[in-house]
Amino acid sequence: MKTKFVVVLGALMSGMGKGIVTSSILQILDFYGYNALPIKFDGYLNYDCGTMNPYRHGEVFVLNDKSEVDMDFGIYERFLNKDLTGDLSITGGKLFSGIIEKERKGGFLGDDVQIIPHLTGEILERIKNIANEKKPDVLIIEVGGTVGDIENSYFIEAMRQLSLEEKVTFVALTYLPFIDVVGEQKTKPTQIAFRSIMNTGIRPTFLVCRSDKRVLEKTKEKLSLFTNIKKDYIIDDSTQDTLYRMPLHFIREGFDKKFIDEIGLDGSNLSKKKISELENTIERIVHPTKEINIAIVGKYVGLTDAYTSVKEALIHSGAKLDCKVNIDWVEAEELEKPENDFEILKKYNGVIVPGGFGKRGIEGMINAIKYSRESKTPYLGICLGMQLMAIEYARNVCKLNDSNSTEFNPNVEHKIIYTMPSQRRTQYKGATMRLGAWDCKINKTDSIAYRSYKKDIISERHRHRFEFNNKYRDMMEKNGLVISATTPDNELVEMIEWTDGFGIGTQAHPELKSRLYEPAPLFLSLIENAIAHKYNK
Ligand code: GLN
């Protein structure tokens, strides 16, 4: 079957949940038995988002193949329940560096290289290569940013060109503000934004309306009049109780049938089984019978988008265990104040220190870990959270007071966490960390790690520069720290544990592979233990 093309564009503004609409369409296609893949365009000139500050950009998502990609890939993978690859992320940086390399090699001899047709041609070539190599039934292309931005204009132009050669279905996402005093959904911003879409030469088939409240029939009528889009092709995208309901909501609204029909597929094989599986899981998210409180102690808590996958992994585990997981974001620096007696942490049934970079807040995180160990509050340390768990243990149990990571203090006496000489190879910052999926061997069956994963060789995704210093392995083990997992060659420490209570740190980021039906095993264990902490006291 020839690949069908769908393009999702945002009109008006960013942050409306284009990634969720794209993912919902992917999941709907899966319900109908079709193999759909996403492509994401990002206009920024960074090669990838690996060097961006999560405070500005949100979480950097990592794929099995080491690619550092936009956090939308996390949403795609979670909705599709499929591992994706880095070629599906097309950035301005990748395009420009590719085109300049081609020019230097003489690829355009005689030509002056231009945005149109050369850069747009490069975009079309990449899309066609993906279609030819991966042969998906449908490619859903999400254009980052908003129509009207300079940054994504060449992507949109390329999509217009694609529609000359192929049938392309355009889905535009817009926002409808509701003014309470007037009691009315305002359509004018969308009318104006729609004109800027029409100026690009693109005519959307569907208009998806993001709104806090249900989109009224009379609002649809008005929008139809001003946009020339048929009223039943204007789709309600109002806030749902959980974002995992979105595909079901679109089906309830009748979007699925019109969409499948419009792109030219047969819509007779909707899987009732997949729908009821999702409905049942959502029921446990929305009406759980238990409830626990988890503290995430980090430094990017001002923008929780920096920890989206951690948040979702907790929701997945909660859904499995029929438990509402209340998450509080605790600013690590708050736990550094000398007068703090950890009163703030007492109401939690579990503590997480997630990944992070740089010195700010680390002493507060170490205090939170010490509190968890001593009070036997279940603890999960992720990457930085594992490194700090080792440092806390060295300082407070092994009594090596001057212990740290060389990331925070290069001259410390006990370099518990450091970069191995073999890793100090480059001055480049982009794509030089330990990245992507790594195999890991669980060495002890009597361990939290084994009880969680139930097998001895596992694979998780990584994104870090520093490692546990092997020089301290024996000494730490003699003092009771369990080194439960390493790389299969035993070179790098992957997981450490406390023997008393539930405490585990992993050098990987298990949240990146957590899925609604397959929660990350360590998160699931944390929540099980947090439930026991609350209910079995
Ligand atoms: N900053 C630490 C390192 O680079 C931890 C990174 C992380 O938590 N992802 O090793």
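Values in this text are rule-based calculations from the coordinates and carry no lab data. Keep in mind that what you see is a predicted model, and the values were worked out from it rather than measured. No Cβ is skipped: glycine too gets one built from the backbone with ideal geometry, and neighbour counts run over all protein chains shown.
Glu151 to Asp241: FRET efficiency via 1/(1 + (r/R0)^6), r the Cβ-Cβ distance, R0 45 Å, to the nearest 0.05?
Numbers: r = 34 Å, r/R0 = 0.75.
E(calc), rounded to 0.05, equals 0.85.
May I ask you to work out the translational diffusion coefficient for region 1-128 at 37 °C, viscosity 0.692 mPa s, via Stokes-Einstein with Rh from the Kirkwood sum over Cα pairs, reported in whole µm²/s?
Details: Rh = 16.2 Å.
Roughly 202 µm²/s, to the nearest whole number.
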Let's see if you can work this out: charge +1 on each Lys and Arg Cβ, -1 on each Asp and Glu Cβ, no other charges. What is the dipole magnitude of region 457-500 about its Cα centre, in debye to the nearest 20? 200 debye
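Quick check: net charge around Ala332, other residues with Cβ under 9 Å of its Cβ, Lys/Arg +1 and Asp/Glu -1? Show your work: numbers first, answer last.
Values: positive: Lys299, Arg360; negative: Glu331, Glu333, Glu334, Glu336, Glu363.
Taking every other residue near Ala332 into account, the sum is -3.
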Which of Lys2/Lys82; Lys272/Lys324; Lys167/Lys258; Lys18/Lys320; Lys258/Lys324; Lys370/Lys513 exceed 24 Å between C-alpha atoms? The answer is Lys272/Lys324; Lys18/Lys320; Lys258/Lys324; Lys370/Lys513
Please name which of Thr239, His464, Ile282 has its Cα lying farthest along the dipole of the chain towards the positive end, using unit charges on Cβ (Lys, Arg +1; Asp, Glu -1) and the Cα centre as origin. Ile282
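Rounded if a/c is under 1.5, else prolate if a/b beats b/c, else oblate: with a ≥ b ≥ c from the C-alpha gyration tensor eigenvalues square-rooted, which is region 134-289?
Values: a/c = 1.82, a/b = 1.15, b/c = 1.58.
Judged from the Cα gyration tensor, region 134-289 comes out oblate (a/c at least 1.5, b/c at or above a/b).
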What is the gain in length, in nm to one decimal, between Glu334 and Arg104 on full extension, counting 0.36 nm per residue of separation less the C-alpha to C-alpha distance? 77.5 nm
By per-residue mean of other Cβ atoms within 10 Å, what is the highest-first order of 460-473, 253-266, 233-246? 460-473, 233-246, 253-266
Given a Förster distance of 60 Å, the FRET efficiency implied by the Cβ-Cβ spacing of Lys135 and Lys399, rounded to the nearest 0.05, works out to 0.50
Going 7 Å from the Cα of Asn269 toward and past its Cβ, which residues in region 19-40 have a backbone nitrogen under 16 Å from where you end up? 27-37
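List the trypsin sites (Lys or Arg not before Pro) within region 36-134 that fall in a DSSP loop (any state other than H, G, I, E or B) and whose Cβ has at most 13 other Cβ atoms within 10 Å. Could you put the intermediate results ahead of the total?
Working: sites: Lys40, Arg56, Lys66, Arg78, Lys82, Lys94, Lys102, Arg104, Lys105, Arg126, Lys128, Lys134; in loops: Lys66, Lys82, Lys105.
Filter output for region 36-134: Lys105.
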Positive-end residue of Asn129, Asn53, Ser67, charge dipole of region 31-156 with Cβ unit charges: Asn129
Gained length - Asn81 relative to Ser97, 0.36 nm times residue gap less alpha-carbon distance: 2.6 nm
Mean Cβ neighbour count within 10 Å, used as a protection proxy, ranking 366-379, 203-216 highest first: 366-379, 203-216
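Work out the FRET efficiency for Ala532 and Gln114 from their Cβ-Cβ distance, taking R0 = 56 Å, and round it to the nearest 0.05. Could the numbers behind the result be given before it?
Working: r = 64 Å, r/R0 = 1.14.
About 0.30, to the nearest 0.05.
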Alpha carbon centre of region 244-312 versus region 337-379: separation in Å? 31 Å
Quick one: check the C-alpha center-to-center distance for region 191-242 versus region 502-535, whole angstrom. 40 Å
